[in-house]
1. Once both axes come from the Cα atoms, what is the angle between helix 46-60 and the longest principal axis of the chain, in degrees from 0 to 90, rounded to 10?
2. DSSP loop GluC sites (Glu not before Pro) in region 57-135 with at most 15 other Cβ atoms within 10 Å of their Cβ, which ones?
3. Accessible area per residue of the chain at 1.4 Å probe, in Å²?
4. Which longest uninterrupted range of the chain lacks any chymotrypsin sites (Phe, Trp or Tyr not before Pro) assigned by DSSP to a loop state (not H, G, I, E or B) and surrounded by at most 11 other Cβ atoms within 10 Å?
5. Separation between the I57 and E45 pseudo-spin-labels, each 7 Å from Cα along Cα→Cβ, expressed in nm?
6. Calculate, axis by axis, the spread of Cα positions in the chain along the three principal axes, and write the results as whole Å, longest axis first.
7. Under 27 Å Cα to Cα from K39, which lysines show up? Leave out anything in the same chain fewer than 8 places away.
8. Any idea what angle helix 111-124 forms with the longest principal axis of the chain, computed on alpha-carbon atoms, 0 to 90 degrees, nearest 10?
Amino acid sequence: MEANKEVILEGIERNGKFYRRAYKYLAAAKLIKDDIAWKVEEALEIGQVNVAIYNLISDIFENAWISPTTGKDRHLFGSAYTPTGWHEYTDTLLEDLNKTYYITGEIGTGKSKLLEKVYNEAIIRGIDVEVYHTPLVPEKIETVIIKELNIGLTTSKLATMFNAEEINLDQYIDQGKLEVYKEDIEEDKKIFLDLVAIASKEFAKAKKNHDGIEESYVPNMDFEAIEEVRKEIISRMLSYEK
């Protein structure tokens, strides 16, 4: 290991640079997405969207009484930007549910806000929920799973695999107001995809570089000792259940 010290340190430093560059491009992509959102929001009929959300909540919780105890929310990610590109597992979240709602619409139409209101309603009624966030903007929601009701709601196109009921928020956009921004939005979308593509390339560089660093470690690792530590940790974890 000592002989490879300089190579390892240089590799670690190089990896940091790849990651920093990738995250800068993703941050820029978020700003472009925000630019689209405000244009769409300006043309959105908010009152009509609120009515649609109220009707959806009434439909989902029609037979769910309010509990004296609140539900629990678990927050996770079902998709990610990785060194090998975009990876998503929303289909595995929806496959066993009785009903799925596909929430679709342009950036800025309030899809995440709709999902947030639905999951908050579940919490109020004492129902546990799983909330899956978007990797680019973690505060925004991509998918909500309500296992107790056997219902899922998602903005993922994978919902179409499950005969989902579609709720398209584009119908509440005043297309006349949006027309003035049409070319700008198309340009923004192209720039957004380009920025994400560059970020993905940087992640791939980081992965390749990381694999090179590992080559210096592997011959010097005592994997049998690591396996023993793994078994000991698992044994301790299982003992807590007794």
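1. It works out to around 80 degrees.
2. In loop regions of region 57-135 (DSSP not H, G, I, E or B), the sparsely surrounded GluC sites (Glu not before Pro) are E62, E95.
3. Value for the chain: 63 Å² per residue.
4. That would be 66-239.
5. 2.1
6. The Cα atoms of the chain stretch 67, 57, 29 Å along their principal axes.
7. Within the straight-line cut-off, K39 pairs with K24, K30, K111, K113, K117, K140, K157, K177, K182, K189, K190.
8. The helix 111-124 is inclined about 90 degrees to the chain.
The values are calculated or read from the model by the stated rules, or taken from the named source; none is laboratory data. This one's a predicted model, so the numbers in the text were calculated from it and none came from an experiment. All Cβ positions, even for glycine, are placed from backbone atoms using ideal geometry, and neighbour counts span all protein chains on display. For accessibility, only protein heavy atoms count, side chains too; no ligands or nucleic acids. Shrake-Rupley method; radii C 1.70, N 1.55, O 1.52, S 1.80 Å.
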